[in-house]
Amino acid sequence: MAAAARSSRLARFVYFILGLLLLPACVALTVTCVRAIALADDLGSNLLVFGCGFVSQLTFFLVFNKPIRTYVIGHELTHALWVVLMRGRVRRIRVRKRSGYVRATKLNPLIALAPYFFPIYMLVVIGLYYLAGLFVPVDRYVGVLLFAVGFTWSFHLLLNTWMLAHEQDDVRVAGVLFSYIAIYLLNVVVLGLLLCFVSTSITPKNLATAAWRDLAYAYTLVARPFL
């Protein structure tokens, strides 16, 4: 037990240092996304529909009872999905009205933090849209898709922010600092992918090139005083 405790403290120290090292990446990728939005010339109508979906969920969140059970179902299913992706085995999933848990053979920071950066309901909506497209023409309903994507991404951000404001065991796996920085960074990456989804002028290749340039600049600035 003592050896395990020392190992745990060492792992937490390593994650703490890694969290600090990721801070410039948070700033750099945020700048990349903001610049992409500012330079895109075809976001007008798409962004408006997407924004309407986002604001609609925000209204529900502020005015009506928070859909905690719906959130918990998605939260625990995301844990379970990432256990499988990491080649683990799910032993049991339990969902209650306001809480739940997953018992599995594997746990690591990605599995623990997955519900906070992996917008499962949004991805289900996108998957169903393209699945339906295999059988019926769905191009005329792209506005519905964008609204639903905005609605579900807003759900993901708002409910996770609200839950993280309360004490969550998930962020203890790799330490609070690393967990919050990793959650922010990975959500910015999701935002970048969303921009590619709603805009034809923003491509994954161009965005990746811009992100690499901004990352190099950010870390150069950080390293300059030590060189």
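Points to keep in mind about this one:
- Meets criteria (under 22 Å from LEU185 (Cβ atoms), free of Cβ contacts under 8 Å to residues at least 60 places away in the same chain, among the β-branched types (Val, Ile, Thr) and surrounded by fewer than 19 Cβ atoms within 10 Å (Cβ to Cβ)) for THR161: yes
- Residue satisfying all of: in the stretch 21-66; closer than 25 Å to TRP162 by Cβ and hydroxyl-bearing (Ser, Thr, Tyr); surrounded by the fewest Cβ atoms within 10 Å (Cβ to Cβ) among these: THR59
- Residue count for the stretch 181-227, restricted to those that are more than 12 Å from VAL31 (Cα to Cα) and over 20 Å from the mean Cα position of the chain (by Cα): 15.
- Selection within the stretch 197-220 - assigned to a helix (DSSP H, G or I) and buried (at least 18 other Cβ atoms within 10 Å of the Cβ): VAL198, LEU207, ALA210, ALA211, ASP214, ALA218
Where a number appears in this text, it was derived from the coordinates with a stated rule and is not lab data. None of these values were measured; they are calculated from a predicted model. Neighbour counts run over all protein chains shown; Cβ positions are idealised from the backbone, glycine included.
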